[in-house]
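Chemist: Supplied in structure tokens, the structure appears directly below.
The values are calculated or read from the model by the stated rules, or taken from the named source; none is laboratory data. Remember, predicted model here, so these are calculated numbers, not experimental data. A quick note on method: Cβ atoms are made from the backbone with ideal geometry, for glycine too, and the neighbour counts reach across all protein chains shown. Just the protein is used for accessible areas: all its heavy atoms, side chains included, with ligands, DNA and RNA removed. Shrake-Rupley method; radii C 1.70, N 1.55, O 1.52, S 1.80 Å.
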Amino acid sequence: MAIESACPVRQTVGVPPPTTARGPVDDALVACVDGDPASFGPVYDALAPVAYGTSLGVLRDPDHAAEVTQEVMVEVWQTAARFDPARASARTWVATLARRRAVDRVRSEQSRRDRDQRDLDTSVAGAQRDVVAEDVERRLEGAAVRRCLDALTAMQREAVVEAYYGGRTYREVADQLGAALPTVKSRIRDGLGRLRDCLGVNRG
């Protein structure tokens, strides 16, 4: 009896623990290597939330996070052969892809904002000011101006007044009105065009 009771102990001592078992999502992702669209459905359902949660944590913007999630899941479908379940789980792999793409999106958006700001700074510096804006600016006085301003829409009037009476940059006007920079630029340009026509200012 003593020998029999010792046998199970001797059989387990020194035996390395089994490696982490592959989960059903890992197996489903491996199956996608064959390019069967039907096999990708369970993978998408299981891993898209992982990609979205990771992206949202980096971007803090649901719309951008959703876009990155779609990009990541397309990449997962196209590069499923690169997935190695011996190195990481499917969830870890997808989270890594999502984090990289989200960081790239942050850098891209920052570069775009920097370009917009440089363009704006150049515009308001005066060297490349729109001729219409210069002409209207010289005429922004008196009853005729008030009458023409009243002819603008409320949004156009507010943007033009903030920019040319308030002396603010387009970026500052956008922040003041809580509107997107392209929207503010459009409002000001349209408003200046209507003022030009109302005041009889020629493009010259």
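Chemist: Within segment 165-182, track down each residue that is free of Cβ contacts under 8 Å to residues at least 12 places away in the same chain, open to solvent by less than 60 Å² (accessible area, probe 1.4 Å) and in a helix (DSSP H, G or I).
Modeler: The answer is A174, and nothing else.
Chemist: Given the criterion of a type outside the set (K, R) and at pLDDT below 90, identify the matching residue among A80, A102, A90.
Modeler: Unique residue meeting the criteria: A80.
Chemist: Among the residues of segment 32-52, write down those that are open to solvent by 40 Å² or more (accessible area, probe 1.4 Å) and either among the aliphatic types (A, V, I, L, M) or in contact (Cβ under 8 Å) with a residue 12 or more places away in the chain (or both).
Modeler: Residues satisfying the conditions are V33, A38, P42, Y44, Y52.
Chemist: Can you work out which of the residues in segment 126-156 that are within 14 Å of S186 (Cβ to Cβ) and modelled with pLDDT of 65 or more is most open to solvent (accessible area, probe 1.4 Å)?
Modeler: Here the residue is M155.
Chemist: Another question, if that's okay. What is the one condition in (1) modelled with pLDDT of 95 or more; (2) crowded, with 20+ Cβ neighbours inside 10 Å; (3) not acidic (D, E) that L29 does not satisfy?
Modeler: (1)
Chemist: For T79, only one of the following conditions fails: (1) in contact (Cβ under 8 Å) with a residue 12 or more places away in the chain; (2) open to solvent by less than 40 Å² (accessible area, probe 1.4 Å); (3) not hydrophobic (A, V, I, L, M, F, W, C). What is its number?
Modeler: (1)
Chemist: Please go through segment 112-125 and pick out each residue that is modelled with pLDDT of 70 or more and either open to solvent by less than 80 Å² (accessible area, probe 1.4 Å) or hydrophobic (A, V, I, L, M, F, W, C) (or both).
Modeler: Correct list: D114, D116, Q117.
Chemist: A further question on this structure: Go through segment 152-164 and give me each residue that's within 20 Å of D119 (Cα to Cα) and in contact (Cβ under 8 Å) with a residue 24 or more places away in the chain.
Modeler: A159, V160, A163, Y164
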